[in-house]
Every structure is written in C-alpha cells, then in structure tokens.
1. Which number in (1) in contact with a Pro (Cβ under 7 Å, 6 or more places away or on another chain); (2) outside any helix (DSSP H, G or I) marks the one condition that D56 misses?
2. Restricted to segment 47-71, and to residues that are more than 15 Å from I23 (Cα to Cα) and touching a Lys or Arg at 6+ places or on another chain (Cβ under 9 Å), which residue is surrounded by the fewest Cβ atoms within 10 Å (Cβ to Cβ)?
3. Can you tell me how many residues within segment 1-25 are among the aromatic types (F, W, Y) and within 25 Å of T77 (Cα to Cα)?
4. Could you identify the single residue in E22, E30 that is surrounded by fewer than 16 Cβ atoms within 10 Å (Cβ to Cβ), in contact with a Gly (Cβ under 8 Å, 6 or more places away or on another chain) and not small (G, A, S)?
5. Pairs, please: C-beta under 8 Å, at least 6 apart or cross-chain, first residue in a loop (DSSP other than H, G, I, E, B) and in segment 14-25, second of a type in the set (V, I, T)?
6. Those residues that are part of a helix (DSSP H, G or I) and touching a residue at least 12 places away in the same chain (Cβ under 8 Å), I need them from segment 26-37; list them, please.
7. For segment 8-45, which residues satisfy the criterion of being under 11 Å from the mean Cα position of the chain (by Cα), at pLDDT 95 or above and among the charged types (D, E, K, R)?
8. Could you give every pair whose Cβ atoms fall below 8 Å, whose first residue belongs to segment 55-82 and is closer than 20 Å to F38 by Cα and of a type outside the set (A, V, I, L, M, F, W, C), and whose second residue is at pLDDT below 90 and assigned to a helix (DSSP H, G or I), counting only separations of at least 6 or pairs across chains?
Amino acid sequence: MSAMYGRLVDLLVDRFEVDRAEIGPDTTFEDLDMDSLFLVELLLVIHSDFGVNVSDDAASPGDTITEVADLIERLATAEAPA
C-alpha cells in the first residue's frame with residue numbers, strides 16, 4: 001500500500017473514529033456506512049491536513065479507500081511545484 005493509503009487510513013481512524021479492523025484496500029465508504037455528506041467533510045479535512053485541493057464531487061460512497069488514496073496522490077503530484 002502507498003504512503004497516502006496509510007495516511008488516509010490513519011485519518012479515518014484518528015479523526016473519524018473508524019475501527020482500523022474494518023478498513024482494507026477494497027473497503028468502500030459505503031461498507032463503513034459513510035454517505036456523500038461524510039465524504040464532503042472528509043475531502044475538506046484532506047484539503048486542510050494534506051494541502052491537496054479535492055473537489056466535493058471527486059469521490060463517491062462506492063469508491064474504495066485505495067481509489068481515494070490514489071486520487072489524492074495524483075492530485076498532490078499534479079499540484080507539486082515543478
């Protein structure tokens with residue numbers, strides 16, 4: 001797993017009190033009983049904590065933790081100064 005995946009899992013556990021045992025690479029936000037409103041809040045926290053601009057509709061409850069971690073990684077790379 002990528003470093004960003006680990007950071008996202010840590011964020012879910014530490015900030016949103018998700019049980020680490022419930023999280024796996026193929027776990028979706030729906031599996032964690034998290035809806036689109038939760039995702040908006042999560043993306044705001046990602047922007048604040050990771051410094052990555054993620055649009056409100058960039059992720060959906062059906063996305064896996066790995067897919068969102070990969071998205072954040074791509075956006076962080078694209079935003080990095082050359």
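The values are calculated or read from the model by the stated rules, or taken from the named source; none is laboratory data. Just so we're clear, the structure is a prediction, and the values are computed from it rather than from any experiment. Note that we place each Cβ from the backbone using ideal geometry, even for glycine, and neighbour counts take in every protein chain shown.
1. Every condition holds for D56 apart from (1).
2. The qualifying residue surrounded by the fewest Cβ atoms within 10 Å (Cβ to Cβ) is D49.
3. Counting residues in segment 1-25 that are among the aromatic types (F, W, Y) and within 25 Å of T77 (Cα to Cα) gives 1.
4. On the way: E22 fails: in contact with a Gly (Cβ under 8 Å, 6 or more places away or on another chain).
E30 is the lone residue from the list that is surrounded by fewer than 16 Cβ atoms within 10 Å (Cβ to Cβ), in contact with a Gly (Cβ under 8 Å, 6 or more places away or on another chain) and not small (G, A, S).
5. D19/V13; I23/V9; I23/V13; I23/I65; G24/I65; P25/T64; P25/I65; P25/T66
6. S36
7. Of everything in segment 8-45, just one residue is under 11 Å from the mean Cα position of the chain (by Cα), at pLDDT 95 or above and among the charged types (D, E, K, R), namely D10.
8. S60/S36; P61/S36
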